[in-house]
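Laboratory data are not the source of any read-out in this text; all were calculated from the coordinates shown. All values derive from a computational prediction rather than experimental measurement. Quick reminder, even Gly has a Cβ in these numbers, built from the backbone with ideal geometry, and neighbours come from all protein chains shown.
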Amino acid sequence: RGTAEKRTAKSDPIFRNQLVNMVVNRIMKDGKKSLSYQILYRAVKKIQQK
C-alpha cells in the first residue's frame, strides 16, 4: 500500500481562487456548499461596500 497523492483544491466559480474554496469548505454546514457560498459572497460584498 502506497502513500496517497496530494490533491490540489478546486477554485471557486466567481473569484477563481483556491483559498476561497477552502474557506467555503470550512464554513459548510451539513454538506450545504451552496449556502456556504452565499454566506461568503454576501460577506465579501458588504466588505467591498465599506
> Consider Gly31 against the criteria (1) surrounded by fewer than 12 Cβ atoms within 10 Å (Cβ to Cβ); (2) at negative phi: it satisfies all of them except one. Which criterion is unmet?
Replying inline: (2)
>> Tally up the residues in segment 12-38 that are in a loop (DSSP other than H, G, I, E, B), under 21 Å from Gln48 (Cα atoms) and of a type outside the set (A, V, I, L, M, F, W, C), please.
In response: 4
>> Tell me the residue from Lys6, Lys46 that is among the charged types (D, E, K, R), in a helix (DSSP H, G or I) and on the phi < 0 side of the Ramachandran plot, please.
In response: Lys46
